[in-house]
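Asks: Please read through the structure below; I'll follow up with questions.
The values are calculated or read from the model by the stated rules, or taken from the named source; none is laboratory data. As the structure is a prediction and not an experimental result, all values here were calculated from the model. Because the Cβ atoms are built from the backbone with ideal geometry, glycine has one as well, and the counts that use them run over all protein chains shown. The area values use the complete protein model at the heavy-atom level, side chains included, leaving out ligands, DNA and RNA. Shrake-Rupley method; radii C 1.70, N 1.55, O 1.52, S 1.80 Å.
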Amino acid sequence: MLTFILKRLGLAVLVAVTVSFISFSLLFLSGDPAAALAGETASGEDVEALRRLYGFDRPMLVQYGDWLFSALQGDFGESYYFKLPVASLIAERLQVTMTLGVCGILFALITAVPLGVVAAIRPNSIIDRVALFLSVAGQAMPSFWFGLILIVIFAIQLGMLPPSGADSWRHFIMPTIVLGYYAMPAIMRLTRAGMLDVLNSDYIRTARAKGAGESRVLFKHALRNAIIPVVSLAAVQMGFMLGGSIVVESVFALHGAGYLAWESIARNDLPTVQALILVFSMFYIVFTFLADVLNAWLDPRMRSA
Amino acid sequence: MLGKTTTTLLASVLAAGVAMPALADKASGTLNVAFTKELENVDSYFNSSREGVVLQRAIWDGLIYRDPETNEYVGNLATDWEWIDDTTLEFKLREGVTFHNGEAFNADDVVYTVNFVAKEESGVKTQRNVNWMESAEKIDEYTVRINLKDKFPAAIEFLSGPVSMYPDEYYAEAGPSGMGLKPVGTGPYKAVEVTPGQHFVLEANENYHDSPKGQPEIEKIDIRTIPDVNTQMAELFSGSLDLIWQVPADQANKLATMDQFTVANESTMRVGYLQMDAAGRSGENPFTNKLVREAVNYAINRQELVDALLQGASKVVYTPCFPSQFGCNQDVTEYEYDPEKAEELLAEAGYPDGFTVDFYAYRDRQYAEAITSYLNAVGIQTNFNMLQYSALRELNMKGEVPISFQTWGSYSINDASAMVSQFFKHGSLDSTRDDQVLEWLDIADSSTDPDERVEYYTKALQRITEEAYWAPMFTYNTNYVFKNEVAYTPTPDEVLRFVDMSWN
């Protein structure tokens, strides 16, 4: 197991460095950073002044080397836009996004896994159909539209929840539902499909034939195997939620890291974008790594993979 | 950023009659306002956003103040000023003024501020606002001179606008980052809470000097950044916002039908125009031919664009500047909508069947598309390219844009130099490169005689319009929506002035 973990760790570091280099190169191809930085009202001469000031006239490899060297020491530079250290800016925004992401994935798992299991036990029943309907609706409904509907009902009509902001736990209820509901259908369908597959397999029949109780068959034998792909999917979904919660953050004015990333790209705030790409890819890598470890624990055969 | 189909959803649902809690904040004395864009650094020299200008006017003062209604200049932190020579301005400063942190205002503050911002290395974001100043020197405790690099008659306008006075001791220690987090000025409001990009709380400055800005009436201003306009409206309906601005016309129209809100519409200094590559920087192209440029000018129904799309206080313009700007004479060649004449001119120019060209735009896609449909109608087919502003400007600077729909807001500076001199003085964004225009603008920009300035701006504007270098089209407007408890009359320069607001 230790060899497996070390191998995966080495791979993760390699992926992180590669991602940072590719993203760095791509950013430089996406337009003149000095022009974006200068904003709408600046003249051509303002842009030239900024280009010199920020050293955009140096070769790209030199700029990447400098950045990587500082980044390894935890210094991601200063945001061009906010004029603040990128590390503290991201740390502050990540709190909101992490809270939202964790709540969202928990909401998705708590609703999707039981629904998926029940739907698999009773295929074509009412519960199965309801689960199917929920999953189709979840995937068909745009997040911003769902978010606005919730705001109209719960914030304006009923006055139960605040429409936007991140000042208390109540502010997170609607965003969690919207974000979680987006991740829920895939998890539910995978749980259902996995359970159906496993429930029809030989070892479950054997377990039943040996007289194991139904709940023991379901949770000890079936779910443990059916859940393996779900763990991997949830890890990827979690990574996606952190980086991709832009729409939810925008609708609910949450000012998280996702929205910061979107805005920073539009503003060509390179130090912030570079740091965010690294942070987000690290999350993906860490979650995937944890999912691999968890899966290897659930299914020892995977350790040799 | 969200779909247009949903932008009306909220308004429709709410207009249908939804029960709303009445949560006026008049009682608490707090006015809740929303910004759409995340404001960068609050330090007014290190941001270039409209939101930044709004905070700048609330937190800081300049030496001079321009009355937004009469456009008259009066003393603010200075009580008096005079031109010593063409490049030296002397100011008598107001005595007894203190900054929000208790520091007394005097000549040292002016000297420090000017000497800091005028240096290119300080990295002031909008260099044009400050790079006309060379330095400042103290004559005595309350007398100071500002030395200009060159003749610059718009100095008074700039000193009444973006050039704020900072406390020398505090700024020397805090720098732009510190000032951005804990801003200190002499203005009518002091910043008590700053969460960068998200949340700003201002409190009335109870020691505010006898400024022409007037005294603040509303005790507290709570500003939150809410990027989505629909969410802003939801907050307005749920009672947690009192004022929103830059509201799109369709939503403002719906809100105007509801009793509890006041919708005010006012023009902004932003002008929309078509820029054509008359200088042939993108290679030989049809716009190097004056007849083609005239055809473009005749092809567009400006009034229809204003009536159908911009609405409100927007107006048709034929000048490459905003009509209220000093020197922006309206006595120029006007091109009334005449598509047939446009077609004739194209034929005369050697394009009887029209031509195809790359057309660029960076904002207001619906306006840009409407404009291209007018061009298509007279035979100018367009390959439509919608770009990020930075990408378009990069192309523009390289001279690779044959025709583009662009806009310019002049930083709310009420002087023609802030627009016409920006684009017609052979800078990297000048697609015209007319030596005659350059010569006249040089005179107008540097003369200290107002009559002479007007004369030469007029000459330049007449030549620009006669040669049809651009197709200026319309001015923009903004919708302000606020609860009936709030009393406010917006000004044409699109600066939200909290000091002018009160409770009904």
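Asks: Can you find even one residue in the range B:183-204 that is in contact with a Lys or Arg (Cβ under 6 Å, 6 or more places away or on another chain) and farther than 19 Å from B:Trp60 by Cβ?
Replies: Yes, the range B:183-204 contains a residue that is in contact with a Lys or Arg (Cβ under 6 Å, 6 or more places away or on another chain) and farther than 19 Å from B:Trp60 by Cβ.
Asks: Separate question: Return the only residue of B:Ala104, B:Ala34, B:Ala58 being small (Gly, Ala, Ser) and in contact with a Pro (Cβ under 7 Å, 6 or more places away or on another chain).
Replies: Values: B:Ala104 fails: in contact with a Pro (Cβ under 7 Å, 6 or more places away or on another chain); B:Ala34 fails: in contact with a Pro (Cβ under 7 Å, 6 or more places away or on another chain).
B:Ala58 is the lone residue from the list that is small (Gly, Ala, Ser) and in contact with a Pro (Cβ under 7 Å, 6 or more places away or on another chain).
Let's see how each residue does on (1) open to solvent by less than 60 Å² (accessible area, probe 1.4 Å); (2) free of Cβ contacts under 8 Å to residues at least 12 places away in the same chain; (3) part of a loop (DSSP other than H, G, I, E, B); (4) touching a helix residue (DSSP H, G or I) at 6+ places or on another chain (Cβ under 9 Å):
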position	(1), (2), (3), (4)
B:Leu345	yes, no, no, yes
B:Arg393	yes, no, no, yes
B:Ser428	yes, no, yes, yes
B:Arg433	no, no, yes, no
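Asks: Find the residue count for the range B:339-358, including only residues that are closer than 14 Å to B:Arg293 by Cα and not aliphatic (A, V, I, L, M). Talk me through it step by step, then tell me what you get.
Replies: Residues of the range B:339-358 closer than 14 Å to B:Arg293 by Cα: B:339, B:341-351, B:354-355, B:357.
From the residues that got through so far, the ones that are not aliphatic (A, V, I, L, M) too are B:339, B:341, B:343-344, B:348, B:350-351, B:354-355.
Final tally of qualifying residues: 9.
Asks: Also, I was wondering about something else. With the structure loaded, tell me whether B:Leu23 is buried (at least 21 other Cβ atoms within 10 Å of the Cβ), within 10 Å of another protein chain (Cβ to nearest Cβ), at pLDDT below 95 and over 27 Å from the mean Cα position of the chain (by Cα) or whether it fails that test.
Replies: no
Asks: Check every one of the helices (runs of 4 or more DSSP H) wholly within the range A:215-305 and list those with 3 or more residues that are out of contact with any His (no Cβ under 8 Å at 6 or more places or on another chain) and either closer than 30 Å to A:Leu6 by Cβ or more than 14 Å from chain B (Cβ to nearest Cβ) (or both). Show your work before the answer.
Replies: Values: elements: A:224-244, A:246-251, A:257-266, A:270-298.
Hits in the range A:215-305: A:224-244, A:270-298.
Asks: If you take the residues of the range A:128-171 that are surrounded by 20 or more Cβ atoms within 10 Å (Cβ to Cβ) and aromatic (Phe, Trp, Tyr), which of them is farthest from the chain's Cα centre (by Cα)?
Replies: That would be A:Phe146.
Asks: Residues to consider are A:Ser135, A:Ser125; find the one that is free of Cβ contacts under 8 Å to residues at least 12 places away in the same chain and more than 14 Å from chain B (Cβ to nearest Cβ).
Replies: Working: A:Ser135 fails: free of Cβ contacts under 8 Å to residues at least 12 places away in the same chain.
Matching residue, one of A:Ser135, A:Ser125: A:Ser125.
Asks: Further question: I'd like to verify a number: residues in the range B:234-255 that are surrounded by fewer than 19 Cβ atoms within 10 Å (Cβ to Cβ) and acidic (Asp, Glu), how many?
Replies: Counting residues in the range B:234-255 that are surrounded by fewer than 19 Cβ atoms within 10 Å (Cβ to Cβ) and acidic (Asp, Glu) gives 1.
Asks: Something else now. Which residues, counting only those in the range B:230-257, are under 13 Å from A:Ile151 (Cα atoms), within 25 Å of the chain's Cα centre (by Cα) and more than 7 Å from chain A (Cβ to nearest Cβ)?
Replies: B:Gln232, B:Met233
Asks: Given the options A:Arg52, A:Arg58, name the one that is free of Cβ contacts under 8 Å to residues at least 24 places away in the same chain, part of a helix (DSSP H, G or I) and either more than 25 Å from the chain's Cα centre (by Cα) or away from chain B (no Cβ under 14 Å) (or both). Steps first, answer last, please.
Replies: On the way: A:Arg58 fails: part of a helix (DSSP H, G or I).
Matching residue, one of A:Arg52, A:Arg58: A:Arg52.
Asks: Of the residues A:Tyr81, A:Tyr64, which single one is in contact (Cβ under 8 Å) with a residue 12 or more places away in the chain and facing chain B (nearest Cβ under 9 Å)? Spell out the reasoning first.
Replies: Working: A:Tyr64 fails: facing chain B (nearest Cβ under 9 Å).
So the residue among A:Tyr81, A:Tyr64 that is in contact (Cβ under 8 Å) with a residue 12 or more places away in the chain and facing chain B (nearest Cβ under 9 Å) is A:Tyr81.
Asks: Okay, moving on. B:Ala377 versus (1) under 25 Å from the mean Cα position of the chain (by Cα); (2) open to solvent by 30 Å² or more (accessible area, probe 1.4 Å): which is the lone unmet condition?
Replies: (1)
Asks: Okay, next question. Consider B:Tyr476 carefully, then state whether it is open to solvent by 10 Å² or more (accessible area, probe 1.4 Å), assigned to a strand (DSSP E or B), under 23 Å from B:Ser412 (Cα atoms) and of a type in the set (Phe, Trp, Tyr). Working first, answer last.
Replies: Details: open to solvent by 10 Å² or more (accessible area, probe 1.4 Å): yes; assigned to a strand (DSSP E or B): yes; under 23 Å from B:Ser412 (Cα atoms): yes; of a type in the set (Phe, Trp, Tyr): yes.
So B:Tyr476 fits the description; yes.
Asks: Which residue is farthest from the other protein chains (Cβ to nearest Cβ), if the candidates are limited to the range B:179-203 and must be among the small types (Gly, Ala, Ser) and part of a loop (DSSP other than H, G, I, E, B)? Outline the logic, then answer.
Replies: Filtering the range B:179-203 down to residues among the small types (Gly, Ala, Ser) leaves B:180, B:185, B:187, B:191, B:197.
Now narrow it down to the ones that are part of a loop (DSSP other than H, G, I, E, B): B:185, B:187, B:197.
Working: B:Gly185: 18, B:Gly187: 21, B:Gly197: 6 Å.
So, considering only residues that are among the small types (Gly, Ala, Ser) and part of a loop (DSSP other than H, G, I, E, B), the one farthest from the other protein chains (Cβ to nearest Cβ) is B:Gly187.
Asks: Can you find, within the range B:256-273, the residue that is modelled with the lowest pLDDT among those that are in contact with a helix residue (DSSP H, G or I) (Cβ under 7 Å, 6 or more places away or on another chain) and crowded, with 23+ Cβ neighbours inside 10 Å?
Replies: This residue is B:Met269.
Asks: Oh, and also: Criterion first (open to solvent by less than 10 Å² (accessible area, probe 1.4 Å) and in a helix (DSSP H, G or I)) does B:Glu157 satisfy it? Let's see the steps before the verdict.
Replies: Working: open to solvent by less than 10 Å² (accessible area, probe 1.4 Å): yes; in a helix (DSSP H, G or I): yes.
So B:Glu157 fits the description; yes.
Asks: Return a yes/no flag: does the range B:169-176 have any residue that is modelled with pLDDT under 95 and under 24 Å from the mean Cα position of the chain (by Cα).
Replies: So far as the range B:169-176 goes, yes, one or more of its residues are modelled with pLDDT under 95 and under 24 Å from the mean Cα position of the chain (by Cα).
Asks: Could you list, in sequence order, the residues of the range B:111-133 that are within 11 Å of chain A (Cβ to nearest Cβ), part of a helix (DSSP H, G or I) and either over 17 Å from B:Ile156 (Cβ atoms) or in contact with an Asp or Glu (Cβ under 6 Å, 6 or more places away or on another chain) (or both)?
Replies: B:Glu120, B:Glu121, B:Ser122, B:Gln127
Asks: Scan the range B:394-410 for residues that are among the small types (Gly, Ala, Ser) and touching a Leu at 6+ places or on another chain (Cβ under 9 Å) and report the count.
Replies: Just the residues of the range B:394-410 that are among the small types (Gly, Ala, Ser), to begin with: B:399, B:404, B:409-410.
Going one step further and asking which of them are touching a Leu at 6+ places or on another chain (Cβ under 9 Å), we end up with B:404.
Residues in the range B:394-410 being among the small types (Gly, Ala, Ser) and touching a Leu at 6+ places or on another chain (Cβ under 9 Å): 1 in total.
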